[in-house]
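*Asks:* Take this structure first; my questions come after.
The values are calculated or read from the model by the stated rules, or taken from the named source; none is laboratory data. This one's a predicted model, so the numbers in the text were calculated from it and none came from an experiment. Cβ sites come from the backbone with ideal geometry, for glycine too, and all protein chains shown count toward neighbours. What goes into the accessible areas is simple: the full protein's heavy atoms, side chains included, and nothing from ligands, DNA or RNA. Shrake-Rupley method; radii C 1.70, N 1.55, O 1.52, S 1.80 Å.
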Amino acid sequence: MARVAMRSLNKKYDEVHAVIDVNLDIRDKEFVVLVGPSGCGKTTTLRMVAGLESITSGHISIDEKIVNALPPMDRDIAMVFQNYALYPHMSVYDNMAFGLKMRKFDKAEIAKRVQDAAEILGIQDYLKRKPRQLSGGQRQRVALGRAIVRHPQVFLFDEPLSNLDAKLRVQMRVELKKLHERLGTTAIYVTHDQVEAMTLGDRVVVMRDGRVQQVGDPMELYNQPANRFVAGFIGSPAMNFAPVRLAAENGSLWAEGDGMRVKVPAPIAPRLGAHAGKPVTLGVRPEDMRIARDGDPADLNVNAAVEVVERLGSEILLDVAVGGTTMVASVEPTAPTKVHEKLRLALNPDRIHFFDNETEAAL
């Protein structure tokens, strides 16, 4: 078992409270991604698990054993860094073997482990090369190989793909997912890229200002965000937000704002009734807005003026003005749209979200 547990984990740097009361259970063989903007505390949390940062309060356990006082080499973890951290004067083989040599493994076992890892990663032909003779993707594989040969209980990844170009990042994401399926080792992965988080994680931990905002599988975060921050951070393009006021009228609830008046869908109206007469925030994702058709209910349409048209091949993104609010709508690639055109957009009634203006919590 390689279960990782964090209990009331805190990290302070003088007056800066970088990680605040993090409680997290990571199951055996699970791939968990910590995601959030720069400065949210995700890397600091990872480094505390690795033993590279001291813990101000709380504790971390690996395989039911509290590791707060253990040095990194005794935690049975392997870490892959953002900058690869390869020794430039060593061959690929020696880079991968270095940690095992330091732990006094015999030569035969080292050779076997390095060869096995090289075959898994497809770098067996590069073992005699130096890092400068490799591409960025190949160097990243070497860094992964150096971690794999350790046969650790837990893999830690600190933004390992951030130095690669966009196409190679997509390729390496797929390879990392396959690698995890093959090795079945518990993994904790840190990134600021929500697409990486959504595609790699069995579960995703969204952090902000040192606090965990929500933990769940990718689609749970996407479909049921706990608050406005999670709703805006998860999903690309980001969710649209518009200030509205809830108004009760003839037994129905309406969301009214600048250039917008939509009927609150019946399934969610009862739980919003207590907020009637109050300002709230309406949220709708770009893919849940489309050009209205004849027969669409008028009470779920909004008037919009097209400001920018982005043709992406598989879809068109429309930057539109709805009253005083700028929104993005994702429409079919054949839609005959042009800049300055006035049109009506239909909202998907099953995919409208509302958030409290004070707490930002989902309503």
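*Asks:* How about region 22-68: which GluC sites (Glu not before Pro) there lie in a loop by DSSP and see at most 12 other Cβ atoms within 10 Å?
*Replies:* Here the GluC sites (Glu not before Pro) that fit, given the DSSP loop and packing criteria, are Glu64.
*Asks:* Is there a pair in Lys263/Lys338; Lys11/Lys278; Lys112/Lys178; Lys12/Lys177 whose C-alpha atoms are over 30 Å apart, and which pairs would that be?
*Replies:* Lys11/Lys278; Lys12/Lys177
*Asks:* With a Förster radius of 35 Å, plug the Cβ-Cβ distance of Asp25 and Lys167 into 1/(1 + (r/R0)^6) and report the FRET value to the nearest 0.05.
*Replies:* Calculated transfer efficiency: 0.50.
*Asks:* Report the accessible area of Arg7, computed with a 1.4 Å probe over the heavy atoms of all protein chains in place, in Å² rounded to the nearest 10.
*Replies:* Counting only protein heavy atoms, Arg7 exposes about 80 Å² to solvent.
*Asks:* I've got another one for you. Arranged from highest to lowest average of other beta-carbon atoms within 10 Å per residue, in what order do the peptides 79-88, 124-133 appear? Mind showing how you got there, number by number?
*Replies:* Values: 79-88: 16.2, 124-133: 14.5.
In decreasing order of mean packing, 79-88, 124-133 become 79-88, 124-133.
*Asks:* To continue, here is another question. Keeping all protein chains in the complex and leaving out DNA, RNA and ligands, what accessible area do you get for Asp74 with a 1.4 Å probe, in Å² to the nearest 10?
*Replies:* Around 90 Å² of this residue is reachable by solvent.
*Asks:* Okay, which of region 91-124 sit inside 14 Å, backbone N to the point 7 Å along the Cα-Cβ direction of Lys130?
*Replies:* The answer is 91-95.
*Asks:* For an R0 of 45 angstrom, estimate the FRET efficiency from the Cβ-Cβ distance between Ala111 and Arg311 and round to the nearest 0.05.
*Replies:* Computed FRET efficiency for Ala111 and Arg311: 0.25.
*Asks:* Within 10 Å of each candidate Cβ there may be at most 15 other Cβ atoms; applying that plus a DSSP loop requirement, which trypsin sites (Lys or Arg not before Pro) in region 35-127 survive? Please report the intermediate quantities before stating the final value.
*Replies:* Details: sites: Lys42, Arg47, Lys65, Arg75, Lys101, Arg103, Lys104, Lys107, Lys112, Arg113; in loops: Arg75, Arg103, Lys104.
Loop-located and lightly packed - Arg103, Lys104.
*Asks:* Could you order Val22, Val16 by accessible surface area, starting with the largest, using a probe radius of 1.4 Å? Walk me through the numbers before you get to the answer.
*Replies:* Working: Val22 5, Val16 90 Å².
Heavy-atom accessible area, descending, gives Val16, Val22.
*Asks:* Roughly to the nearest percent, how much of the accessible area of the chain is carbon and sulfur, given a 1.4 Å probe?
*Replies:* Answer for the chain: carbon and sulfur cover 50 percent of the accessible area.
*Asks:* With all protein chains present and a 1.4 Å probe, how do Ser57, Ser38 order by accessible area, largest first?
*Replies:* Order by accessible area, largest first: Ser38, Ser57.
*Asks:* Out of all DSSP beta bridges with both ends in the chain, state the antiparallel percent to the nearest 5. Mind dumping the intermediate values first?
*Replies:* On the way: 62 of 80 bridges.
Around 80 percent of the beta bridges assigned by DSSP in the chain are antiparallel ones.
*Asks:* Okay, moving on. In the set [x] 69, 49, 38; [y] 80, 46, 34; [z] 66, 42, 42, which value of Cα extents along the principal axes in Å was calculated from the structure you see?
*Replies:* Given [x] 69, 49, 38; [y] 80, 46, 34; [z] 66, 42, 42, the calculated one carries the label [y].
*Asks:* Follow-up question, since we're still on this one. Excluding residues fewer than 8 places away in the same chain, name every one of the aspartates and glutamates whose C-alpha is closer than 17 Å to that of Lys107.
*Replies:* Asp94, Asp116
*Asks:* A follow-up question, please. In the chain, which helices (entire DSSP H runs) extend 15 Å or more along their own long axis, judged by Cα positions, while averaging at least 0.0 on the Kyte-Doolittle scale?
*Replies:* In the chain, the long hydrophobic H runs are 92-102.
*Asks:* For Gln224 and Gln82 in one chain, what is 0.36 nm times their gap in residues minus the Cα-Cα distance, to one decimal in nm?
*Replies:* Difference between extended and current length: 48.0 nm.
*Asks:* Sticking with this structure for a sec: In terms of solvent-accessible area of protein heavy atoms at a 1.4 angstrom probe, what is the ranking of His192, His340, His89, highest value first?
*Replies:* His340, His89, His192
*Asks:* In deg cm²/dmol, rounded to 500, what helix-only [θ] at 222 nm does the chain give when every DSSP H run of at least 4 residues adds -39500 (n - 2.57) and the total is split over its residues? Write down the numbers at each step before the final one.
*Replies:* On the way: 9 runs with 89 residues, N = 363.
Theoretical 222 nm ellipticity from helices: -7000 deg cm²/dmol.
*Asks:* What whole-number value in Å² describes the accessible area per residue of the chain for a 1.4 Å probe?
*Replies:* Accessible area per residue, the chain: 47 Å².
*Asks:* So what's the projected area for region 1-63, the Cα convex hull averaged over all directions, in nm²?
*Replies:* Values: hull surface 16.7 nm².
About 4.2 nm², averaged over all directions.
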